[in-house]
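The values are calculated or read from the model by the stated rules, or taken from the named source; none is laboratory data. These figures come from a predicted structure and were not determined experimentally. When we count neighbours, we look across all protein chains shown, and the Cβ atoms used for this are built from the backbone with ideal geometry, even at glycine. Side chains are part of the model used for accessible areas, which takes the heavy atoms of the whole protein and leaves out ligands, DNA and RNA. Shrake-Rupley method; radii C 1.70, N 1.55, O 1.52, S 1.80 Å.
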Amino acid sequence: MSDNTAEGKSSNQMWGGRFASGPAAIMEEINASIDFDRKLYRQDIAGSLAHAAMLSDKGIISSEDRDKIAQGLKTILGEIEQGQFQFSRRLEDIHMNIEARLADLIGPAAGRLHTARSRNDQVALDFRLWVKEELQRTDTALTGLIEAFLERAGEHAETVMPGFTHLQSAQPVTFGHHLMAYVEMFGRDRSRVRDAIERLDESPLGAAALAGTGYPIDRHQTAAALNFREPTRNSIDTVSDRDFALEFLATASIAATHLSRLAEEIVIWSTPQFHFVTLSDAFSTGSSIMPQKKNPDAAELVRAKTGRINGSLIALLTVMKGLPLAYSKDMQEDKEQVFDAAESLELSIAAMTGMIRDLKVNAQSMRAAAGSGHSTATDLADWLVREAGLPFREAHHVTGRAVALADEKGCTLSDLPLDALQAIHASITDDVFNVLSVEASVASRKSFGGTAPDQVRSQIAWWRERL
């Protein structure tokens, strides 16, 4: 049947959907990246300014053309920042949009800017610059979060709470010690951020399409102008590499996982059943039907955003996994994932920093819960080893019998009478009660990195010096 029939026209419309112009419109839709890569305008202009200056210094373009290009690019930068620039999807991407506008402003001299350069090394440069700047912002944000933890940990170096394993009461710890566990986590995140910056700190500019260029360019000059440590060393790898984006996403995913674990604890701790903490009104919401509710929505949203960030990592890993060298258009799909993850991570760190700073700690509830579940049982076992000379496995067995007796009587270990403990093992003396309180248990954990208040303060001081 001919496409001129009504059925043919209908099927074409169904195939085309909203693409009224048919295949050409579909190609424009799938090919255009300007809707998202316009974020790279500052990096694109900075790269072009450095490139034009180098071309002039090497005698590849005239100083007059360099000056026209520089003036035109600065005009474009102003137009974009003032919201006066007209982006065109027909021009595909940020590079062509800027180049076309430059031609409008300065005429034929604009055409000399692309000498010894390809969009392949241009986009690699722009994206590296953006990721580097984002990692630097992340470093600053993580430092602020760590500082918030150090402040609160210092306030609660002696505040006793239950320590958990399997979310069951295990041993008493201090809330300051618990908070310092997150300082360690976010400290590792900050270290990964800095490692990532170190690895990506190489300039792609001058790799051209994939093989370098025959022009006598100076890649070290442009690398220095753009604050890179040095230029990349292989032109094929340069235009096809997105490890820096993957590493950003991997680092973001690990940091988001830490944020999510913390968010989960805040959700649990803020329930009436725990009542360990109370979130400020700034980071809570109410219920449309239940007036008594105070929901930890900020913490829940931080927890949820981990899924988005992890998804971005998996998406880009999947895009890259089968690409032959060098550049492929598939790599256009890299930026939206990174942009979205960066926004989610920035917001999550900011929200968590605010929550930690505003958090009200209900120390009495923590203290009341600290002795639950016979949390000082290990202290009894240690006392039997230290004072009665029992092998630890025998001491463990004796302690287990004491725990069973306390369960039977519905009391804590410290509430058991001495004669009941001596009936379990004759070597137990009245001195044992000095170790069965949660305060004594916490104070005894003086090993390096332990929960004793002096150890917590020592770790806080170490981190403050490190920051």
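Observations on the model:
- Failed condition for MET185, given (1) in contact (Cβ under 8 Å) with a residue 24 or more places away in the chain; (2) under 14 Å from the mean Cα position of the chain (by Cα); (3) open to solvent by 10 Å² or more (accessible area, probe 1.4 Å); (4) farther than 30 Å from ARG367 by Cα: (4)
- Filter pass, ALA50 being within 33 Å of the chain's Cα centre (by Cα) and either crowded, with 19+ Cβ neighbours inside 10 Å or within 17 Å of LEU226 (Cα to Cα) (or both): yes
- Against the conditions (1) out of contact with any Leu (no Cβ under 9 Å at 6 or more places or on another chain); (2) within 19 Å of ALA369 (Cβ to Cβ); (3) not acidic (Asp, Glu), LEU413 satisfies every one except (1).
- Of the numbered criteria (1) closer than 28 Å to GLN364 by Cα; (2) in contact (Cβ under 8 Å) with a residue 24 or more places away in the chain; (3) in a helix (DSSP H, G or I), the one ALA443 fails is (2).
- Selection status of GLU343, within 30 Å of LEU317 (Cβ to Cβ), assigned to a helix (DSSP H, G or I) and acidic (Asp, Glu): yes
- ASP65 vs. criteria touching a Lys or Arg at 6+ places or on another chain (Cβ under 8 Å), crowded, with 17+ Cβ neighbours inside 10 Å, among the charged types (D, E, K, R) and modelled with pLDDT of 95 or more: yes
- Qualifying residue in the range 382-405 (condition: surrounded by 13 or more Cβ atoms within 10 Å (Cβ to Cβ), out of contact with any Asp or Glu (no Cβ under 9 Å at 6 or more places or on another chain), among the acidic types (Asp, Glu) and in contact (Cβ under 8 Å) with a residue 24 or more places away in the chain): yes
- Helices (runs of 4 or more DSSP H) completely within the range 360-439 that count 1 or more residues being farther than 29 Å from VAL267 by Cα: 377-388, 392-409, 418-424
- Scan the range 156-215 for residues that are within 30 Å of ASP241 (Cα to Cα), in a helix (DSSP H, G or I) and of a type in the set (A, V, I, L, M) and the total you get is 5.
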